[in-house]
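Novice: Supplied in structure tokens, the structure appears directly below.
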């Protein structure tokens, strides 16, 4: 009888402990477990990549139980922008075929549409969902966008964010993107302006800041006023991998959304990351770059309207094989937001 009573007491105590643990604040991966290792590659040097770097710099990945092996930018982006590439070779090798890649929505969409081999890669979040780029002319006497009709525009790539913006600009101006503007891919730094290779640069905030340091000035063209959706800088991953590693994906999104909240509350958090990873220490340059985050969403859902817009801009037989839903999965962000996690970051 005593043994049975003790067993019953133990069972009640165990049940109570189990119920109590269910109500403990969740921190991503289960407490006490080994950190989940994931590999992440970032494509460019940009303000829309800063949250991912902040998450590393401020220890947020570890906070949520992740061991993230990450490249803060591609080797090519480092060369273009003159950023010292201090990423160890073994790290670059480790992120080949990474679990998560951070880059433009349109390049991933076009790559998927043009590939003969199907893949299930989708965008699960987007940190840049609206056009806010700048046009920087080489000739300081050019003050209006209309003066650049028929001229050469430097961009990074036709399917990259700068290329998408070039196509949107042509549509807005009523220009034919093939005959009313020469869209030149490749070097998207201040160099094409200095060398006379291009008449204008379609620039996001990093090359804009560098051009301004050299005395160039952007046109007074407020692209934000267009309210044009774009799927720029998505978190890309395999849909099957993401659902098989759901806890790690949610933990990763927690780290990123907390990083966004930190940089919105205190720009010095972003400035620290720029200085450490990009070696940008000039305060004016840091501020110009930081200004590009003005519209970064608190809850970075995949930009569905941006995806649909990109499908129209890159219309063709390849793209028409797909529906917008084939390019994104918003279930992870929905679950994270429904939990109240994001709202609590701003209380």
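Novice: Output the residue which, of all residues in region 109-159 that are free of Cβ contacts under 8 Å to residues at least 60 places away in the same chain and in the same structural domain as residue 240 (by TED's automatic domain parsing), is nearest to residue 236 (Cα to Cα).
Specialist: 111
Novice: Shifting gears a bit: Return only the number of the condition from (1) under 30 Å from residue 339 (Cβ atoms); (2) touching a residue at least 40 places away in the same chain (Cβ under 8 Å); (3) out of contact with any strand residue (DSSP E or B) (no Cβ under 8 Å at 6 or more places or on another chain) that residue 266 does not satisfy.
Specialist: The number of the failed condition is (2).
Novice: Residues to consider are 284, 258; find the one that is within 28 Å of residue 80 (Cβ to Cβ), touching a helix residue (DSSP H, G or I) at 6+ places or on another chain (Cβ under 9 Å) and either modelled with pLDDT of 95 or more or surrounded by fewer than 16 Cβ atoms within 10 Å (Cβ to Cβ) (or both).
Specialist: Result: 284 is the single residue among 284, 258 that is within 28 Å of residue 80 (Cβ to Cβ), touching a helix residue (DSSP H, G or I) at 6+ places or on another chain (Cβ under 9 Å) and either modelled with pLDDT of 95 or more or surrounded by fewer than 16 Cβ atoms within 10 Å (Cβ to Cβ) (or both).
Novice: In addition: Output the number of residues of region 109-147 satisfying the condition of being assigned to a helix (DSSP H, G or I) and either surrounded by 22 or more Cβ atoms within 10 Å (Cβ to Cβ) or out of contact with any strand residue (DSSP E or B) (no Cβ under 9 Å at 6 or more places or on another chain) (or both). Break it down stepwise before answering.
Specialist: As a first pass, look at region 109-147 and keep what is assigned to a helix (DSSP H, G or I): 109-114, 145-147.
Filter once more, so that each one left must be either surrounded by 22 or more Cβ atoms within 10 Å (Cβ to Cβ) or out of contact with any strand residue (DSSP E or B) (no Cβ under 9 Å at 6 or more places or on another chain) (or both): 109-110, 113-114, 146.
Final tally of qualifying residues: 5.
The values are calculated or read from the model by the stated rules, or taken from the named source; none is laboratory data. These figures come from a predicted structure and were not determined experimentally. Virtual Cβ from ideal backbone geometry, glycine too; neighbours counted across all protein chains shown.
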